[in-house]
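Take a look at the structure set out below.
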Amino acid sequence: MQDQTWQAIEIPDEGGATVFTLSIAGAREEGFVVRTRGKLHAYINRCPHNGSTLDWMPGRFFSEDGEVLVCQTHGALFAPDSGTCLSGPCPRGLTPLPLREEEGQLFVPSILDAVE
Ligand code: FES
């Protein structure tokens, strides 16, 4: 994975998420960052089942109990700290994205050549 350009985005609260857009190999994609147990994790907002976005409304990714990420299309469940598929029709986990925290700011890529 090669990152080229970074953008600053809002740091999500615990159990929350921040959605952003980026370019991957020239294609526009959506990404999101979640905070769970105090740690931040970034993924591409594309379900590995059929490619839809996970959130039913912008920024709503967590289950009601805040334990897992839910794809709102067919209910696949993902671990928020790894993106691993826990149950449902997902054939694999979410695609992770890099992030950086510096001096109280959160940076995610705005342009990537590719993801693994
Ligand atoms: S598109 Fe996500 S579970 Fe089907």
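Read-outs throughout are calculated quantities, based only on the coordinates presented, and are distinct from any laboratory measurement. Keep in mind that this is a model prediction, so the values were computed, not measured. Heads up, the Cβs are rebuilt from the backbone with ideal geometry, glycines too, and the neighbour counts pull from every protein chain shown.
Residues whose amide H falls under 5 Å from that of residue 94, counting only those 5 or more places apart or on a different chain, are 84, 85, with hydrogens built in the peptide plane.
Taking amide H atoms as placed 1.01 Å from N in the peptide plane, the amide H of residue 6 lies under 5 Å from those of 110, each 5 or more residues away in sequence or on another chain. Once C-alpha pairs closer than 8 Å and six or more residues apart are averaged by separation and normalised to the residue number of the chain, the relative contact order reads 33 percent. Taking a ≥ b ≥ c as the square roots of the eigenvalues of the Cα gyration tensor, an a/c ratio of 1.5 or more together with a/b no larger than b/c marks the chain as oblate. Answer with one residue from 32, 76, 104: the one whose Cα lies farthest towards the positive end of the charge dipole of the chain, charges on Cβ with Lys, Arg +1 and Asp, Glu -1. Checking the options against the dipole of the chain, the answer is 76.
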